[in-house]
Amino acid sequence: MIIHLFFDILIVVIRMGLFNKIKNLFKKGEKIEEEQSELSVEDIVEEFDDVDYVDDSDVHEDVQSDTKSLKDVKIYEKGLSKSRQNFVSKLINLTNKYNKITEDYFDELEEILIMADIGVNTVMDFMDRLRKRVRNEKIEDVDYLKEVIVDELFIIYVNDEVIVNKINFSEKKPTVILFVGVNGVGKTTTIAKLGSKFHDEGKKVMMVAGDTFRAGATKQLEEWAMKTESLFVGKEEGADPSSVIYDGLEKALEEEVDVVLIDTAGRLQNKVNLMKELEKINKVIGKIIPDGPHETLLVIDATTGQNGISQAKAFKEITDITGIVLTKLDGTAKGGIVLAIKESVGIPVKFIGLGERKEDLQVFDIEKYIYGLFKDMM
């Protein structure tokens, strides 16, 4: 209830300039970092004290939680630099080209957004909302419209929903996370980075090599398990994936493992076989862990653009996807794919890959994403 209230109020106050407040906090964080100091949560909370949007201590704690990780903003900034340079430079040029808001302006803006891989349907919806807001608020200043664009992109992603970007950890051990996706998108590397993250949090982690079809997949995951000090279960190439997973979960119960990360094959070219295989895997998991899997994360390579969205739609038809991991976002100039995926399949992005380091796999945060993408306009 409190979380729903928080997002409802957030949408309202964004229109009154709360995003500017967030922007200023990020800027303040940068300045303090340059001075080799650190912005405390208490300092950040003080910044919000003059925004009278709700008198509720629980919501106040949510704001603290959202703002205390300002250091991660730098990772977003660096990881989204290609998209920012490509996308924002075009928006700035568009603003410089027009001294008033016209239909020609809207047409060029629409083209820029589509070229950023935001998705045609999302762009059409966005343009309708933007025109309506310009008309209702009688906006004439092209420069001010830049901030309105940023606000509306934020709102269109949230879409009056509670955005769940956290892992659904089970109260009873172990939490089972299934990873799906085509070959080459970074599933194994994602498992390794998450395994390392969970290990650093003090959790006992197991990796299960359910991809027994791709040559070298089992060995690769085993090596990552060793590097991240995780338990490992795997069999020979060509073994039945369900049997590997069964053995892994049995061992996870015996060893009182906290989190089990399961790799799977990505043969999307044969959807019928893949569907049957995932159905079998889910049944096996359900027999041993009645409420598992607790998460099924679809891993998508951001550099594949609209093809990645097609993959998301295909996998959604095959199995129940609870979240998306968008890898290699630092390698594309079309960072708008985050918005397009959410609009196309209605599945939240839970993690984004912004570089090679383990800390570059970030829990997705829409505020930091918007800031990282539009920093040069602020």
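The values are calculated or read from the model by the stated rules, or taken from the named source; none is laboratory data. Fair warning: this is a prediction, and the values are worked out from it, not measured in the lab. In this analysis, Cβ positions are derived from the backbone assuming ideal geometry, glycine residues included, and neighbour counts consider all displayed protein chains. Surface accessibility is based on the protein's heavy atoms, side chains included, excluding ligands, DNA and RNA. Shrake-Rupley method; radii C 1.70, N 1.55, O 1.52, S 1.80 Å.
Taking the criterion of being part of a loop (DSSP other than H, G, I, E, B), buried (at least 23 other Cβ atoms within 10 Å of the Cβ) and not polar (S, T, N, Q), would at least one residue in the range 177-190 satisfy it? If you could, list the steps in order and put the result at the bottom.
As a first pass, look at the range 177-190 and keep what is part of a loop (DSSP other than H, G, I, E, B): 181-186.
This time we only want the ones that are buried (at least 23 other Cβ atoms within 10 Å of the Cβ), so: 181, 185.
Checking the rest, the ones that are also not polar (S, T, N, Q) come to 181, 185.
The answer is yes; a qualifying residue exists.
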Contacts under 7 angstrom Cβ, first residue in the range 349-378 being basic (Lys, Arg), partner outside any helix (DSSP H, G or I) and open to solvent by less than 20 Å² (accessible area, probe 1.4 Å), 6 or more apart: 350/297; 350/323; 350/324; 350/325; 350/364
Which listed residue is open to solvent by 20 Å² or more (accessible area, probe 1.4 Å) and either among the β-branched types (Val, Ile, Thr) or not in a helix (DSSP H, G or I) (or both), from 101, 155: 101
Subset of the range 310-332 [among the polar types (S, T, N, Q) and surrounded by 21 or more Cβ atoms within 10 Å (Cβ to Cβ)]: 311, 327, 332
Pairs with Cβ under 9 Å, 6+ apart, first in the range 154-175 and under 16 Å from residue 350 (Cβ atoms) and at pLDDT 85 or above, second in a loop (DSSP other than H, G, I, E, B) and polar (S, T, N, Q): 168/322; 175/168
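For the range 199-218, how many residues meet the condition of being within 21 Å of residue 174 (Cα to Cα) and β-branched (Val, Ile, Thr)? Write out each step before concluding.
First pass over the range 199-218, keeping only residues within 21 Å of residue 174 (Cα to Cα): 199-211.
Those left that are additionally β-branched (Val, Ile, Thr): 205, 208.
Residues meeting the conditions: 2.
Only one residue in 266, 238, 308 is within 27 Å of the chain's Cα centre (by Cα) and not in a helix (DSSP H, G or I). Which one? It would help to see each step written out before you state the result.
Working: 238 fails: within 27 Å of the chain's Cα centre (by Cα); 308 fails: not in a helix (DSSP H, G or I).
Selected residue: 266, the only one of 266, 238, 308 that is within 27 Å of the chain's Cα centre (by Cα) and not in a helix (DSSP H, G or I).
Yes/no per residue for (1) in contact (Cβ under 8 Å) with a residue 24 or more places away in the chain; (2) of a type in the set (Val, Ile, Thr); (3) under 30 Å from residue 266 (Cβ atoms):
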position: 110; (1), (2), (3): no, no, no
position: 118; (1), (2), (3): yes, yes, yes
position: 122; (1), (2), (3): yes, yes, yes
position: 131; (1), (2), (3): yes, no, no
position: 138; (1), (2), (3): no, no, no
position: 143; (1), (2), (3): yes, no, no
position: 150; (1), (2), (3): yes, yes, no
Where residue 335 falls short, out of the listed (1) in contact with a strand residue (DSSP E or B) (Cβ under 9 Å, 6 or more places away or on another chain); (2) surrounded by 24 or more Cβ atoms within 10 Å (Cβ to Cβ): (1)
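Quick one: which residue in 278, 274, 253, 261 is at pLDDT 95 or above and crowded, with 16+ Cβ neighbours inside 10 Å? Before the answer, list the steps.
Numbers: 278 fails: at pLDDT 95 or above; 274 fails: at pLDDT 95 or above; 253 fails: crowded, with 16+ Cβ neighbours inside 10 Å.
The unique qualifying residue is 261.
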Test: residue 115 is within 19 Å of residue 337 (Cα to Cα), at pLDDT 85 or above, open to solvent by 50 Å² or more (accessible area, probe 1.4 Å) and not acidic (Asp, Glu): yes
Matching residues in the range 297-309 - criterion: being among the β-branched types (Val, Ile, Thr) and surrounded by 23 or more Cβ atoms within 10 Å (Cβ to Cβ): 299, 300
Odd one out for residue 200 among (1) open to solvent by 70 Å² or more (accessible area, probe 1.4 Å); (2) without any contact (Cβ under 8 Å) to a residue 60 or more places away in the chain; (3) within 28 Å of residue 240 (Cβ to Cβ): (3)
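Just need a number here: residues in the range 361-370 that are at pLDDT 90 or above and either open to solvent by less than 10 Å² (accessible area, probe 1.4 Å) or polar (S, T, N, Q) (or both).
Taking the range 361-370 and keeping what is at pLDDT 90 or above, we get 361-364.
Within this subset, residues satisfying the condition of being either open to solvent by less than 10 Å² (accessible area, probe 1.4 Å) or polar (S, T, N, Q) (or both) are 362, 364.
Total meeting the criteria: 2.
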